[in-house]
1. Return the total of residues in the range 79-107 being hydrophobic (A, V, I, L, M, F, W, C) and surrounded by fewer than 17 Cβ atoms within 10 Å (Cβ to Cβ).
2. Could you list all residues from the range 210-250 that are of a type in the set (S, T, N, Q) and either in a helix (DSSP H, G or I) or under 26 Å from Gly97 (Cβ atoms) (or both)?
3. Look at the range 18-39 and say how many of its residues are crowded, with 18+ Cβ neighbours inside 10 Å, β-branched (Val, Ile, Thr), more than 15 Å from ligand 2 (Cβ to nearest atom) and assigned to a strand (DSSP E or B).
4. Contact list please: Cβ distance under 7 Å, first residue in the range 109-122 and more than 10 Å from Val188 (Cβ to Cβ), second residue β-branched (Val, Ile, Thr) and not in a helix (DSSP H, G or I), pairs at least six apart or on different chains.
5. Can you find a residue in the range 109-121 that is within 14 Å of ligand 2 (Cβ to nearest atom), under 20 Å from Thr248 (Cβ atoms), outside any strand (DSSP E or B) and not polar (S, T, N, Q)?
6. Go through the range 122-144 and give me each residue that's in a strand (DSSP E or B) and either aromatic (Phe, Trp, Tyr) or under 17 Å from Ala238 (Cα atoms) (or both).
7. Checking Arg15 against (1) of a type outside the set (Val, Ile, Thr); (2) assigned to a loop (DSSP other than H, G, I, E, B); (3) within 16 Å of ligand 2 (Cβ to nearest atom); (4) in contact (Cβ under 8 Å) with a residue 40 or more places away in the chain: exactly one of these is not met. Which one?
8. Report yes if Arg57 is at pLDDT 95 or above, of a type in the set (Lys, Arg), away from ligand 2 (no atom under 16 Å from the Cβ) and surrounded by 16 or more Cβ atoms within 10 Å (Cβ to Cβ), otherwise no.
Amino acid sequence: MLQEVVATRYVTPLREGGSLPGIVEADDLGTYVMKFTGAGQGRKTLVAEIICGELGRRLGLRVPELVTIELDPVIGLAEPDEEVQELLRASGGLNLGMDYLPGSLGFDPLAYEVGAAEAGRIIWFDALINNVDRSWRNPNLLVWHGDLWLIDHGATMIWHHNWPGAQTSAAKPYNASDHVLAPFGPDVAAAAAELAPLVTEELLTEVAADVPDVWLAAEPGFGSAEEVRRAYIAPLLARAADIHQRITLDEPAATRPSRAPGWLTERLPPRSKPAGGDRAAAAVRTGEEGGR
Ligand SMILES: Nc1ncnc2c1ncn2[C@@H]1O[C@H](COP(=O)(O)OP(=O)(O)OP(=O)(O)O)[C@@H](O)[C@H]1O
Ligand SMILES: [Mg+2]
């Protein structure tokens with residue numbers, strides 16, 4: 001079970017997010033990025049956030065803590081933005097929250113170096129969950145206190161939109177050529193050897209149990225929330241066993257940004273002169289000889 005909190009204040013929308021997530025404060029004094037059940041992307045996106053986010057965390061990847069947030073739409077009444085007001089009105093009840101990482105930066109492959117082992121683990125994990133949303137256009141990785149954090153697992157497990165074809169779809173390859181970590185020499189084989197044995201039926205049962213009943217109960221073709229939870233297990237188990245053999249990593253296209261090759265330190269523009277003070281230092285920076 002995820003921790004359950006109650007929203008006490010809607011702070012501000014996050015316009016970068018396609019689903020218009022918002023920052024909210026809750027009754028545990030925490031600040032969360034809230035994803036709304038009333039958003040156009042639908043409840044399945046939130047189910048995917050929980051199953052994949054909790055799975056990633058149990059595999060040792062950094063994923064901010066997830067909680068469920070109870071929302072009384074009345075907290076949005078003072079909200080001036082009509083789009084936000086509508087979203088809050090449509091989202092009464094349980095929603096998803098992710099611990100807000102204050103001061104985090106969006107990952108930039110030109111500025112931050114990632115090791116082959118970590119890049120391999122993240123790409124293997126994204127192949128497992130079929131994540132189409134970790135490209136260099138939309139990395140969904142944050143850098144916080146010098147570490148990489150994984151966010152936004154809503155666009156994953158494409159097969160849960162078509163259950164009859166789930167097992168076949170789960171056998172499909174994963175093209176990682178566009179993945180933001182593709183240029184970092186990802187050691188996918190090592191990641192598979194380390195992580196695949198951890199993906200067991202018990203572990204998957206545990207992460208599926210974190211999804212609230214109300215987001216599963218109305219799933220067409222199933223008799224109960226528990227039945228839907230069980231349906232997630234076989235495709236993920238099958239994929240964990242051998243997906244590493246079906247990950248493609250083509251040469252990155254010439255038009256895309258590459259990795260951090262010391263680019264920042266070599267090409268920083270010259271710093272402007274300090275306003276008075278240390279003249280020797282200023283002379284070094286402008287290429288003059290000091291001590292004249
Ligand atoms: N836990 C967090 N801490 C700090 N900032 C966050 C956090 N989660 C998300 N953000 C910020 O909010 C933005 C939108 O979040 P997210 O990608 O999860 O939303 P989304 O609606 O699913 O986005 P999209 O589908 O457009 O990628 C992120 O790009 C990031 O800048
Ligand atoms: Mg995103």
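The values are calculated or read from the model by the stated rules, or taken from the named source; none is laboratory data. Just so you know, these numbers come straight off a predicted model, no measurement behind them. Glycine also receives a Cβ, built like all others from the backbone with ideal geometry; neighbour counts cover every protein chain displayed.
1. Summing the residues that are hydrophobic (A, V, I, L, M, F, W, C) and surrounded by fewer than 17 Cβ atoms within 10 Å (Cβ to Cβ) in the range 79-107 gives 2.
2. Ser224, Gln245
3. Qualifying residue count for the region: 1.
4. Filtered contacts from the range 109-122: Pro109/Val180; Tyr112/Val143.
5. no
6. Selection gives Trp144 alone.
7. (4)
8. yes
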